[in-house]
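Asks: Quick one: the structure is below, questions incoming.
The values are calculated or read from the model by the stated rules, or taken from the named source; none is laboratory data. Since we're looking at a predicted model, the values are computed, not measured. In this analysis, Cβ positions are derived from the backbone assuming ideal geometry, glycine residues included, and neighbour counts consider all displayed protein chains. Remember, those area values only see protein heavy atoms, side chains included, never the ligands or the DNA or RNA. Shrake-Rupley method; radii C 1.70, N 1.55, O 1.52, S 1.80 Å.
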Amino acid sequence: MGEQAFHVNRQAATGGSALWHRIRQRRLTTLAVVGMTKNTGKTVALNHLLVCAARDGVATGVTSIGRDGEERDQVFSIPKPPVLVWPGSIVATARHTLPRAKARWKLLAGTGLASPMGEIVIVRALEHGAMEVAGASRGSDQQEVLAQLRQCGCALIVLDGALGRSQHASPAIAEGMILATGAALGGGVPDVIRKTRDRLAILDIPQAGPEILARCDAVFEHRGVGIWDRAGRPLFRADIATLNAGPALLAFAGREVATIAVSGAVGKALWLTIDALLARHPGLTLVVADGTKLFIENADVTRFRSQGGSLLASRRITIAGITVNPCSPHGGHLVAEELLGAARLAFPEHQVADVIRERAPTKTGVC
C-alpha cells in the first residue's frame, strides 16, 4: 500500500481511541486478541491496535497462535479482512506464508520452531500492507517466539487467537486480553450480551488469596493436581494429566478434602468429578491456573457456587477491553449504537469499543 494510504490510515486514528489509551495506561507489553467465535471482528480489532501503535510510534510485534490474515475463512470460505502491518512492525510467522505477503519485508531471524507451514521466522515489515500470520501453537513455543520478539525491540506484542483456542490469553503468556464479540454469535442484542457475559464469567474468575496460592504453588510450577484438607495439610500431589485426574481425585472422596488445585484443562468429565466431591465436602475450593483452562459452561460455575463451592485462579486474566461488531457475514446485522450502548451498560467495569465507529462513525449506526 502506498505512502498516501499510510497517512490516511494514520489520520483515521488521530481522533483518539479510549481502548488504546486504556492499554497504554496499563503499560501492557503482551496483548492477546480473542474472538468469541469466528467473524466477531477479532482481526479488525487487531488492526485497530496496530494503527494506533503506528500512530504513536510504539514498536510492535505481531504473531498468532493459529493462522490469520488469509483471504478467505478456512471454515466458511467467505472473504476475511487482512492483517495490516505497518512499516517497522515485527512479525513472527511461518515461512510458507511470506510469498503471499502484500507488503515488502526483511528477514531478521529464524526461530528453529517448526509448524505445519514451515519454520516460524521473524521478519520486519518495510511498508504498510497485508500479511498472513501463522505462528506457534504450543505454549512453550509461543514463549520462545515472544522472547525473540522482545529481543528485536518490541515494546508491545499482539497475539492473534484462533477459533476455540484461548490459551494464548493465559496470564502465563499474555499480560492482557481483548475479547471480540458481536452479531456473529447469533440472536439479538440481548442474546449477544448474555453470551458475552457468560464467557467473561469463565475467563474472569477471581484470583486466590496468598495463603491458598502458597499452598498450591508447587502444582502450578510443576504441573499436575494436588489435594489438601481443611487444616491445609497435603493429601495428594502428582504430576498427572487432568484427563486422567478424575479417578485419582475420587479416591479421596472419603477423606476431608477442602482444596483441589488443577494445573491443566478442566473439561466436562473432570468437572463432574469436582461436582461429586463438592456434594461430599461442602465449601470445597477448586483452584485452576486461569480462566482459559475452563472448558465448561457458565451455568456449571453458577451451580457450583450456589452449592457452596469456590472457584479461583492461580492468576487472574486482565481483560484489557471488549470490542463489539454489529455485523455478521451470515446476515442478522444489529444496530451498532444499540449493541455498543447495551455492552457498555452490561460491562461498566471494562472498556467497551466499536473500533469501526471510533475510526469512522456512521450516521445510520447500522452495517
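Asks: Any idea what angle helix 42-56 forms with the longest principal axis of the chain, computed on alpha-carbon atoms, 0 to 90 degrees, nearest 10?
Replies: With rounding to tens, the tilt is 60 degrees.
Asks: Let me ask something else about it. Longer than 21 Å from Cα to Cα, which of Lys80/Lys106; Lys80/Lys102; Lys42/Lys268; Lys42/Lys106; Lys42/Lys80; Lys42/Lys195 are they? Say none if no pair is.
Replies: Pairs exceeding 21 Å: Lys80/Lys106; Lys42/Lys268; Lys42/Lys106.
Asks: Classify region 229-308 from the C-alpha gyration tensor, please: rounded if a/c falls under 1.5, else prolate or oblate depending on whether a/b exceeds b/c.
Replies: Working: a/c = 1.60, a/b = 1.15, b/c = 1.39.
Since a/c reaches 1.5 but b/c is at least a/b, the shape of region 229-308 is classed as oblate.
Asks: How high is the relative contact order of the chain, in percent, counting Cα pairs under 8 Å that sit 6 or more residues apart?
Replies: It rounds to 19 percent for the chain.
Asks: Now for a different question. When all protein chains stay in place, what accessible area (Å², nearest 10, 1.4 Å probe) is found for Asp56?
Replies: 80
Asks: Just grab the label-to-label distance for Lys268 and Cys152, each label 7 Å out from Cα along the Cβ direction, in nm (one decimal).
Replies: For the pair Lys268/Cys152, the computed spacing is 4.1 nm.
Asks: Let me ask another. Given a 1.4 Å probe and every protein chain left where it sits, what share in percent of the accessible area of the chain is carbon and sulfur?
Replies: 53
Asks: Starting from the Cα-Cα distance between Ala59 and Ile240, subtract it from 0.36 nm times their residue separation and give me the gain in nm to one decimal.
Replies: 61.1 nm
Asks: Further question: Please list, in order, the residues from region 172-204 whose amide nitrogen is less than 20 Å from a point placed 7 Å along the Cα→Cβ vector of Glu337.
Replies: 183, 188-190, 193
Asks: Now for a separate question. Helix 139-151 versus the longest principal axis of the chain: what is the Cα-based angle in degrees, 0 to 90, to the nearest 10?
Replies: Computed tilt is about 40 degrees.
Asks: Now for a different question. For region 97-150, just say rounded, prolate or oblate: build the C-alpha gyration tensor, square-root its eigenvalues into a ≥ b ≥ c, call rounded for a/c under 1.5, and beyond that prolate if a/b exceeds b/c, oblate if not.
Replies: Values: a/c = 2.18, a/b = 1.61, b/c = 1.35.
Prolate is the answer for region 97-150, as a/c is 1.5 or above and a/b outweighs b/c.
Asks: Let me ask you something else. Taking the Cβ of Leu294 as the centre, find all other residues whose Cβ is under 12 Å away and add up their charges (Lys, Arg: +1; Asp, Glu: -1).
Replies: Summing Lys and Arg as +1 and Asp and Glu as -1 gives -2.
Asks: Antiparallel versus total DSSP beta bridges in the chain: what percent is that, nearest 5?
Replies: 40
Asks: Which value, in Å² rounded to 10, gives the accessible area of Glu358 with a 1.4 Å probe and all protein chains present?
Replies: Here the accessible area works out near 60 Å².
Asks: Kindly report the accessible area of the chain per residue (heavy atoms of protein chains, probe 1.4 Å, no ligands, DNA or RNA), in Å². Intermediate results must be reported in sequence, preceding the final value.
Replies: On the way: 15800 Å² over 367 residues.
Heavy-atom SASA per residue in the chain reads 43 Å².
Asks: Then there's this: Go ahead and set up a Gaussian network model of the chain, Cα springs under 10 Å, then flag whichever of Ala92, Ala313, Ala299 fluctuates most.
Replies: Highest fluctuation among the options: Ala299.
Asks: While we're looking at this one, here's another question. Rounded, prolate or oblate for region 132-266? Axes are the square roots of the Cα gyration tensor eigenvalues, ordered a ≥ b ≥ c, and the cut-off for rounded is a/c under 1.5.
Replies: Judged from the Cα gyration tensor, region 132-266 comes out oblate (a/c at least 1.5, b/c at or above a/b).
Asks: How much length would be gained if the chain were fully extended between Thr37 and Leu108, taking 0.36 nm per residue of separation minus their Cα-Cα distance, in nm to one decimal? Walk me through the numbers on the way to the answer.
Replies: Working: separation 71, 0.36 × 71 = 25.56 nm, distance 3.34 nm.
In short, 22.2 nm is gained.
Asks: Considering only Lys293, Lys268, Lys80, give the residue with the highest GNM mean-square fluctuation for the chain, with springs between Cα atoms whenever their separation is below 10 Å.
Replies: Looking only at Lys293, Lys268, Lys80, the largest GNM fluctuation is found for Lys268.
Asks: What are the principal axis extents of the Cα atoms in the chain, in Å, biggest first?
Replies: For the chain, the Cα extents along the three principal axes come out at 71, 48, 38 Å.
Asks: Under a 10 Å cutoff between Cα atoms, tell me which one of Ala342, Ala184, Ala125 has the largest fluctuation in the Gaussian network model of the chain.
Replies: Ala342
Asks: Something else now. Given points 7 Å out from each Cα along the Cα-Cβ axis, report the Arg344 to Glu256 separation in nanometres with one decimal.
Replies: For the pair Arg344/Glu256, the computed spacing is 5.4 nm.
Asks: Nearest 10 degrees, 0 to 90: what angle lies between the long axis of helix 336-346 and the longest principal axis of the chain (Cα atoms)?
Replies: Approximately 30 degrees, to the nearest 10.
Asks: Related question: Heavy-atom accessible area of Ile212 with all protein chains present, probe 1.4 Å, nearest 10 Å²?
Replies: Rounded to the nearest 10, that gives 40 Å².
Asks: When only DSSP loop residues count, what GluC sites (Glu not before Pro) in region 210-289 have their Cβ near at most 14 other Cβ atoms within 10 Å?
Replies: On the way: sites: Glu211, Glu221, Glu256; in loops: Glu256.
Taking region 210-289 and a limit of 14 other Cβ atoms within 10 Å, the loop GluC sites (Glu not before Pro) found are Glu256.
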